[in-house]
Amino acid sequence: MMTAYRPEPDRDSRQWWERVAGQEFAVQECEGCGAVRFPARSFCPECRTEAWHWREVEPEGVVESWIVNHQPFMPGFEVPYVVVMVRLAAVPGCFVYGNWRGDGPPERGWRVRAAYRRVDERLTLVDWAPDDHPVGRKSSR
């Protein structure tokens, strides 16, 4: 029997997951050279410095590619499901991935926005939805 994977925050990503739980999206910005990176890492891949800070960015971008996945990522995920690769608008060289929340297959070039999905008390995931789709908006809690 296959055990489903569950993302677990580590030393580098813990603060990112905490921000996502609060419906904030951020990337790391190097204090040495200014390079922006995602996912979180302990040092800059450009200049190797370990000095960095979080930079909050709008959780929006453009669909670059997608796949149809036929294996469950976590218990409760229905298969098949679509995973999109999104180029962040605020950081054009930065790509992020997440499940698709549109009413049909995505198309390359579509504008999208994060749709936060609370799985349980310990985990919130970032899905992506068409920018004009209501699930793509940050809740007003």
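What to note about this one:
Here is a yes/no grid of residues against (1) polar (S, T, N, Q); (2) surrounded by 14 or more Cβ atoms within 10 Å (Cβ to Cβ); (3) under 20 Å from Ala129 (Cα atoms):
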site	(1), (2), (3)
Gln28	yes, yes, no
Gly34	no, no, no
Glu46	no, no, no
Trp52	no, yes, no
Ser65	yes, no, yes
Val79	no, no, yes
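- Selected residue [more than 23 Å from Ala129 (Cβ to Cβ) and either touching a Lys or Arg at 6+ places or on another chain (Cβ under 8 Å) or not hydroxyl-bearing (Ser, Thr, Tyr) (or both)] from Arg19, Arg41: Arg41
- Subset of region 1-41 [small (Gly, Ala, Ser) and either in the same structural domain as Gly98 (by TED's automatic domain parsing) or over 30 Å from Pro75 (Cβ atoms) (or both)]: Gly32, Gly34, Ala35
- Scanning region 38-66 for residues that are under 17 Å from the mean Cα position of the chain (by Cα), among the small types (Gly, Ala, Ser) and in a loop (DSSP other than H, G, I, E, B) yields a single hit, Ala40.
- Subset tally (residues that are over 30 Å from Cys30 (Cβ atoms), assigned to a strand (DSSP E or B), among the aliphatic types (A, V, I, L, M) and touching a Pro at 6+ places or on another chain (Cβ under 7 Å)) for region 67-121: 2
- If only residues of region 122-135 that are acidic (Asp, Glu) and assigned to a loop (DSSP other than H, G, I, E, B) are counted, the one that is farthest from the chain's Cα centre (by Cα) is Asp132.
- In region 48-89, the residue that is modelled with the highest pLDDT out of those that are among the hydroxyl-bearing types (Ser, Thr, Tyr) and within 16 Å of Pro105 (Cβ to Cβ) is Ser65.
- Long-range neighbours under 6 Å by Cβ, at least six apart or interchain, first residue assigned by TED's automatic domain parsing to the domain that holds Gly102 and free of Cβ contacts under 8 Å to residues at least 24 places away in the same chain within region 66-80, second hydroxyl-bearing (Ser, Thr, Tyr) and surrounded by 13 or more Cβ atoms within 10 Å (Cβ to Cβ): Asn69/Tyr81
- Restricting region 107-127 to residues that are without any contact (Cβ under 8 Å) to a residue 60 or more places away in the chain and hydrophobic (A, V, I, L, M, F, W, C), the residue that is surrounded by the fewest Cβ atoms within 10 Å (Cβ to Cβ) is Val119.
The values are calculated or read from the model by the stated rules, or taken from the named source; none is laboratory data. Keep in mind that what you see is a predicted model, and the values were worked out from it rather than measured. Neighbour counts are summed over all protein chains in view; Cβ atoms, including those assigned to glycine, are modelled from backbone coordinates with ideal geometry.
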